[in-house]
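The values are calculated or read from the model by the stated rules, or taken from the named source; none is laboratory data. Fair warning: this is a prediction, and the values are worked out from it, not measured in the lab. Counting neighbours? That spans all protein chains shown, and the Cβs are built from the backbone with ideal geometry, glycine included.
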Amino acid sequence: MTPNTVVRSDEALMTDIAEGDTAALGQLYMRHSQAVRAMIGYVAPAMSSHDVDDVTQEVFLSLGKAAKSYRHEALFNAFLFRIASNRARDWLRRSWVRGRFTKNDDLKIVSTPGAGMTAAPGQQTMLSQTIRQILESLTYNHREVLVLNIVQGLTCDEIADVLNIRPKTVRTRLHRARAAVLQHRHAAIWKDAISETTP
Amino acid sequence: MTARNEYNVCRDLHKYLDRDLLESARYGFEQHLTECRTCTAAIAQWTTFAGAARNDATQQAFRSPAAEHIAQKQLEASFSQQQALSPWHRRSFAPLMATAVVLVCLLAGAAIFWTRANDPSPKQTAPVPSTVQITRFSMDGSIRQTTGHQGTPIAATPNEQLLATVGKDRVAVAPKGRMVIKRKETTSTLLALNDGWIACQVAKRHGSRQFVTRTQDKRFTVVVKGTRFGVQYQGSSDTRVDELSPLLQVAVTEGIGQVEETQGRTWTVSAAEQLVVQPSGAAEVMPISEQNRTIVSSLLNPSSAPSALTDILAQPNPALDSSDKASPPPALSRGTKTKSSPGVSPGIPRPDGPDASPVSVAEMRQWIGAGRNADAIAVIEARLLKEPGNSELWRLLAESKRKVGDYQGAIVAYQQVIDSASPQMANAARYKMGLIYQNQLHQPANAITQFSRYLADGEPQLLRAEALYHLGRAEYNMGHKASARAHLNEVTEQHSATAAAVQARKLLQQMDL
Ligand SMILES: [Zn+2]
């Protein structure tokens with residue numbers, strides 16, 4: 001570590017990885033691991049924090065392996081989140097096989113109270129429990145789009161790129177997810193929050 | 001506006017939130033918002049939910065710097081192991097010499113049972129000699145001969161490595177390694193390794209004679225015949241064990257090794273291969289890593305380059321592990337680091353330079369001021385492991401992370417400041433977080449949260465005008481025109497002489513266009 005460390009862009013680090021630089025992958029991990037965990041933990045709220053960490057490792061290992069095929073015109077974030085989405089789905093399938101989940105066509109998770117990232121070190125507030133309940137009431141596909149939109153801040157077109165689906169499909173899912181959130185029986189909590197903050 | 005019109009405009013709500021509306025339609029919808037309570041409420045409700053969810057996700061995804069550091073090293077190790085599987089790497093490992101060699105690393109008081117089993121010949125049951133000749137190779141280049149005994153510990157200081165002779169076999173002990181050789185029964189030798197690295201070179205075996213290494217918990221048994229190989233085993237018991245490092249590694253440089261697990265699995269490890277068993281139980285046979293190969297030869301040929309070994313052991317070693325057993329020699333291991341610091345991750349990055357003595361907080365500030373942010377981050381993160389409640393360290397970490405462009409990391413660190421610091425310092429952190437959300441991460445909803453909290457705080461707000469301006473700007477970005485206008489007006493009216501007021505006026509004019 002030198003004092004004049006030049007910050008390399010994500011794309012440049014991907015080139016370094018493709019050339020065999022292991023530490024470059026470590027750097028990308030330190031930059032993006034939290035975002036990846038945030039996504040995975042929300043997309044699959046039933047995952048334990050330990051599983052979230054495991055899957056995050058898998059995501060970055062896959063990222064390293066894919067470095068050689070990474071094209072620089074592709075948005076790095078989209079590339080990373082696509083891998084994260086695939087790994088999260090893999091995990092859900094494995095879990096389903098293990099019988100921890102029931103599955104409908106949409107990979108909807110049967111909520112397991114007290115599971116999920118609730119085991120994470122952060123304290124579990126009422127607010128965060130409510131958010132989780134609302135998320136768990138959504139189908140997997142809807143939740144995935146919603147999380148990419150609100151947690152990762154991606155636009156509909158970027159989400160379409162990440163999930164490799166049509167932008168129109170993204171919009172449909174996002175709108176349904178949004179409507180479901182606003183109509184959720186716990187949505188009143190937001191109304192209260194608003195009435196407290198808006199003059 | 002007719003009911004039909006209103007219905008149609010309300011339908012644009014999603015497009016508006018998706019930012020899919022063209023400028024004119026957007027303007028039209030914002031006009032509509034001044035009249036339609038349903039849409040206004042829905043937008044407010046949605047942005048509040050989205051902001052809270054984002055904050056919550058970020059918080060739940062937070063891991064301590066120490067945990068992240070370990071995970072990073074584990075990732076790098078796994079990745080380089082996978083890379084070693086490529087044909088390109090496979091070609092680069094040439095077959096090695098004969099004689100059987102065992103390379104063992106045990107952590108945290110684990111032990112190895114080293115036996116000669118399946119020996120049909122009664123005369124081979126002769127006990128190994130009770131004395132052990134030990135050659136001590138010091139890092140300063142000196143070499144000493146000492147004698148050890150079966151049943152008594154043989155330990156290497158951090159400055160030396162040992163080569164012990166037990167009958168025809170040789171056992172090498174890496175710096176800080178500690179082991180006991182004792183007679184277990186007439187047919188076997190028990191080698192109990194308490195700590196550190198050892199490599200064993202065993203005289204060639206004949207016929208059905210085997211060389212057996214067993215881990216203390218007896219979970220793994222390594223059986224070899226005329227094989228040169230290494231074993232790394234990580235005990236599973238206490239806090240010092242890095243749970244992310246491989247549990248067991250068996251590296252074979254010549255011949256074939258058979259590894260058996262009590263749960264029934266067996267693996268065959270051929271020349272130039274290594275078996276890696278993860279704590280999860282996942283196991284894979286792959287080409288031997290260059291580092292493992294180097295460690296074997298360095299341990300068994302100590303005169304060649306004694307200091308090179310410690311350099312290798314000091315590296316985050318993908319194949320071997322990154323426990324503090326592998327810490328570098330005295331220069332860096334003085335002080336309280338190593339054994340007495342549970343949970344401290346192994347290769348805590350230390351700054352370059354000759355002086356590795358503790359860096360004062362004042363020095364850290366100087367480093368950040370001088371642009372040595374990467375150095376500062378390394379030192380601060382190491383220090384935070386010991387003082388996780390030190391809010392000034394968190395604040396400096398946040399500053400340096402922000403400066404190197406790690407905005408998410410800065411957010412996490414500022415959150416720690418908010419949680420641990422004095423009210424005034426916490427509130428300043430909210431302001432800085434708001435700026436990062438606003439300017440770097442482009443998350444206006446989060447910026448609104450932080451600036452609102454900053455302004456709601458009872459502490460004196462040195463940056464009240466600025467915070468109001470930024471809040472107004474974030475609200476404008478979110479499409480909350482009414483509240484944006486209110487906050488910007490407050491700046492221009494109550495803080496009219498400030499630079500923020502100038503900015504606020506500009507933005508208000510822009511909004512009126
Ligand atoms: Zn409306």
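Collect the residues in region A:8-36 that are part of a loop (DSSP other than H, G, I, E, B), more than 7 Å from chain B (Cβ to nearest Cβ) and not polar (S, T, N, Q), keeping them in residue-number order.
A:Arg8, A:Glu19, A:Asp21, listed by residue number.
What are the residues in region B:383-392 that are under 19 Å from the mean Cα position of the chain (by Cα) and either buried (at least 24 other Cβ atoms within 10 Å of the Cβ) or away from every other protein chain (no Cβ under 14 Å) (or both), if any?
B:Arg383, B:Leu384, B:Leu385, B:Lys386, B:Glu387
For (1) modelled with pLDDT of 90 or more; (2) in the same structural domain as A:Met47 (by TED's automatic domain parsing), each residue gets a yes or a no:
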site: A:Arg82; (1), (2): yes, yes
site: A:Ser85; (1), (2): yes, yes
site: A:Ala88; (1), (2): yes, yes
site: A:Ser128; (1), (2): no, no
site: A:Glu144; (1), (2): yes, no
site: A:Gly153; (1), (2): no, no
site: A:Cys156; (1), (2): yes, no
site: A:Asp161; (1), (2): no, no
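Just give me the residues in region A:37-53 being within 14 Å of A:Arg87 (Cβ to Cβ), in a helix (DSSP H, G or I) and more than 8 Å from chain B (Cβ to nearest Cβ), in sequence order.
Selection gives A:Ile40, A:Val43, A:Asp51.
From the list B:Ala428, B:Ala413, B:Ala445, which one is touching a helix residue (DSSP H, G or I) at 6+ places or on another chain (Cβ under 9 Å), modelled with pLDDT under 85, of a type in the set (A, V, I, L, M) and assigned to a helix (DSSP H, G or I)?
That would be B:Ala428, the only listed residue that is touching a helix residue (DSSP H, G or I) at 6+ places or on another chain (Cβ under 9 Å), modelled with pLDDT under 85, of a type in the set (A, V, I, L, M) and assigned to a helix (DSSP H, G or I).
So B:Leu106 clears everything in (1) within 16 Å of the ligand (Cβ to nearest atom); (2) at pLDDT below 50 except one condition, right? Which one?
Exception for B:Leu106: condition (1).
Given the criteria under 29 Å from B:Arg453 (Cα atoms), buried (at least 16 other Cβ atoms within 10 Å of the Cβ), β-branched (Val, Ile, Thr) and at pLDDT below 85, does B:Ile380 qualify?
No: the conditions fail for B:Ile380.
Scan region B:20-42 and tell me whether some residue there is within 44 Å of the chain's Cα centre (by Cα), away from the ligand (no atom under 16 Å from the Cβ) and either of a type in the set (S, T, N, Q) or at pLDDT 85 or above (or both).
So far as region B:20-42 goes, yes, one or more of its residues are within 44 Å of the chain's Cα centre (by Cα), away from the ligand (no atom under 16 Å from the Cβ) and either of a type in the set (S, T, N, Q) or at pLDDT 85 or above (or both).
Output the residues belonging to region B:4-19 that are over 18 Å from A:Asn149 (Cα atoms) and more than 12 Å from the ligand (Cβ to nearest atom).
Once the filter is applied, which keeps residues that are over 18 Å from A:Asn149 (Cα atoms) and more than 12 Å from the ligand (Cβ to nearest atom), region B:4-19 yields only B:Arg4.
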